[in-house]
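The values are calculated or read from the model by the stated rules, or taken from the named source; none is laboratory data. Predicted model, so just to flag it, every value in this text is computed and none were measured. Cβ placement follows ideal geometry from the backbone for every residue including glycine, while neighbour counts extend to all protein chains displayed. Please note that ligands, DNA and RNA were not included when accessible areas were found on the heavy atoms of the full protein model with its side chains. Shrake-Rupley method; radii C 1.70, N 1.55, O 1.52, S 1.80 Å.
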Amino acid sequence: NSSTVADFIGYSNIFKVAERRARDGNFEVVIEGTGTRLSVALAAVPDGDLFACVRPQDIRISPADAEGTRTALSGEIILASFLGAFMQYRVRLAAGDTFEIFSNDVAGAMKISDRAILDIPREQTETRRVGVADQAAFGVG
């Protein structure tokens, strides 16, 4: 779910939002099709077609036996690539969403088929309005 424009602005985790709701003084968005929930730190979530965007370097990944601090997202590693100064992971959640992650922890590298916890701080999850013409550029819609 990435494209040239999305890569240019630094996002490769872009998901269409099906629903938004207030929760615990913040907002939560629900990803269309899977129901995965992400917390977002906003005073209000704007109306209209929204997409939840998270940069790969803003997601912390840890083995499933570690404790996540801000989310309960867990899944299976389907790609683990050593890229010199960092690891690139692709993690598929049980609901079917796939997240790209860049981790500086090359010493504690995990491998394909390991279970992992994704910790996504709500201040790192942005919501963006994307017009119909822009949806193709974002690889969604």
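For GLU76, the accessible surface of its heavy atoms amounts to roughly 70 Å² (probe 1.4 Å, protein chains only, rounded to the nearest 10).
ILE31: net charge of surrounding residues, Cβ under 10 Å, Lys/Arg +1, Asp/Glu -1, itself excluded? The partial results should precede the final answer.
Values: positive: LYS16, ARG37; negative: GLU19, GLU32, ASP97.
Charge balance in the 10 Å sphere: -1.
Between the beta carbons of GLU126 and ASP65, assuming R0 = 35 Å, the FRET efficiency works out to 0.70 to the nearest 0.05.
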